[in-house]
Every structure is written in C-alpha cells, then in structure tokens.
Amino acid sequence: SQQGEEDPQALSIQEGENATMNCSYKTSINNLQWYRQNSGRGLVHLILIRSNEREKHSGRLRVTLDTSKKSSSLLITASRAADTASYFCATATGTYKYIFGTGTRLKVLA
Amino acid sequence: EPEVTQTPSHQVTQMGQEVILRCVPISNHLYFYWYRQILGQKVEFLVSFYNNEISEKSEIFDDQFSVERPDGSNFTLKIRSTKLEDSAMYFCASSDRGVGNEQFFGPGTRLTVL
C-alpha cells in the first residue's frame, strides 16, 4: 500500500448514520491530519492527531490512531447531507512535506 | 482567526506562458509550502521554503518552477513555461514550526492551461 491510503474509496450512507473512513500508512509519523474537500474546492482542516495520541474528538468527529498498525480512522457521527465531500488523511513523516492519501468520497443521502 | 489566502482563485493561461501564483501565509509563520492537486487525484507536495531558501522539493518541482518571498508577506510560485499537464489546483500552506508540525492550507488557485 502507499503512504496514506484511505478506504473505502467511496462511501454512501443515509443522513443520520455514522460514517467511518480508514487511513493506512507505511512509515513512522510525527502526526496525522484529516482534511475535508468539497468538490473542486480547497482543503478544510478537521483534526490533527500526534503520534503519542490515540484518540481525539472534535464535535461530531472522532479520530483514532494506532501506530502499531500504522492506521487511523475518522468517524463522523450523525452524518448530514452537508458532510458530503472527499476526506483525506495526510501524514507528517519527519520531513517538511505532508503526504496525502487518495481520499474517501463520502456521499450522505438526505 | 488568521488564515492563508491565495490569489487568484482561478487562472487561465496559454501553454508556454509564465504564471505567478500568489499566497499570503499566516503572519507569524516561518515555513511555507506549495502543493498541487490534479483533478481527481491526490494532493502532492511540491516544495517547502524556510529562511529564504528551499528546504525540500519533490521531483515534480523541476527547473520550470521557482518560489520566492519577495516581501514580508507574500509567497509566490512561478511556472516559467506552462504545459497542459500543469493544469491543477495549487495550494499554499504555512506553519509556525517546521518538520512534522501542523500546516495551514489556503483555499487554492485553480490553474487551467489551454
């Protein structure tokens, strides 16, 4: 797998359901961030989780990090139609650059 | 809340022309970055810049690309002779610390090369 590979690639759920997206990476990281991108638009930062943290919450978002499995998950609870977007993880690996994953396209049906 | 801004939001140019994409990073940040995203693909790192010099660049960032901080507020990406494959969304980012710290992204400039 590549550094920063999300699954599923696409997810379609009903409004009110929870959405879970996963990110796997290959090398050790300093931190991992999740971003949202609406179609053709910019990146909106959601949550940063550091390598020594296991879980973080922000509103309806919950991010977990398992460094032993080199994976992270993003949970959106009680999803809304406005959550429809692509979600990316990005890892900081000890250099200046962030490496972005391929993204999960989430569609929330009203 | 301070944010990174980018201008223009959309730039259309002819192949072979030079373009300059502009960014105003967050004012107390010292590290600056450019990324690009070809439509439908993932965001790719281009270059990082600190203390008036490039600190890291990717293989994409060839001699056609250059970056500059011409004054205390702007950070620019120049593409000397654009190609069709340069069409992409270009994102600027900044951070107050370097390696491994949170980067704040701008809204992007969509570059279309005809």
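Go through region B:25-56 and report how many residues are part of a strand (DSSP E or B) and not small (Gly, Ala, Ser). Here the count works out to 17.
In this structure, is A:Lys56 open to solvent by 60 Å² or more (accessible area, probe 1.4 Å), of a type outside the set (Asp, Glu) and without any contact (Cβ under 8 Å) to a residue 24 or more places away in the chain? Here the answer is yes, as A:Lys56 does meet what is asked. The set of residues from region B:39-61 being of a type outside the set (S, T, N, Q) and open to solvent by 70 Å² or more (accessible area, probe 1.4 Å) comprises B:Leu39, B:Gly40, B:Tyr50, B:Glu53, B:Ile54, B:Lys57, B:Glu59.
Evaluation of B:Arg22 against the conditions (1) open to solvent by 40 Å² or more (accessible area, probe 1.4 Å); (2) at pLDDT 95 or above; (3) assigned to a loop (DSSP other than H, G, I, E, B); (4) within 18 Å of B:Ala93 (Cβ to Cβ) shows that the sole unmet condition is (3). Return a yes/no flag: does region A:56-78 have any residue that is among the acidic types (Asp, Glu) and in a loop (DSSP other than H, G, I, E, B). So far as region A:56-78 goes, no, none of its residues is among the acidic types (Asp, Glu) and in a loop (DSSP other than H, G, I, E, B).
Modelled with pLDDT under 90 and in contact with a strand residue (DSSP E or B) (Cβ under 6 Å, 6 or more places away or on another chain), is that true of B:Gln37? Spelling it out, it is not the case that B:Gln37 is modelled with pLDDT under 90 and in contact with a strand residue (DSSP E or B) (Cβ under 6 Å, 6 or more places away or on another chain).
The combined condition, being within 14 Å of another protein chain (Cβ to nearest Cβ), open to solvent by 50 Å² or more (accessible area, probe 1.4 Å), farther than 25 Å from A:Ser28 by Cα and not acidic (Asp, Glu), is fulfilled by A:Arg105.
If the condition is being among the hydrophobic types (A, V, I, L, M, F, W, C), closer than 26 Å to A:Gln37 by Cβ and within 14 Å of chain A (Cβ to nearest Cβ), then region B:39-74 contributes B:Leu39, B:Val43, B:Phe45, B:Leu46, B:Val47, B:Phe49, B:Ile60, B:Phe61, B:Val67. Looking only at residues in region A:24-33 that are within 12 Å of chain B (Cβ to nearest Cβ), buried (at least 20 other Cβ atoms within 10 Å of the Cβ) and not β-branched (Val, Ile, Thr), the one that is nearest to the chain's Cα centre (by Cα) is A:Gln33.
The values are calculated or read from the model by the stated rules, or taken from the named source; none is laboratory data. These figures come from a predicted structure and were not determined experimentally. Quick reminder, even Gly has a Cβ in these numbers, built from the backbone with ideal geometry, and neighbours come from all protein chains shown. For the accessible areas, the whole protein counts, side chains as well, though only heavy atoms, and no ligand, DNA or RNA atoms are used. Shrake-Rupley method; radii C 1.70, N 1.55, O 1.52, S 1.80 Å.
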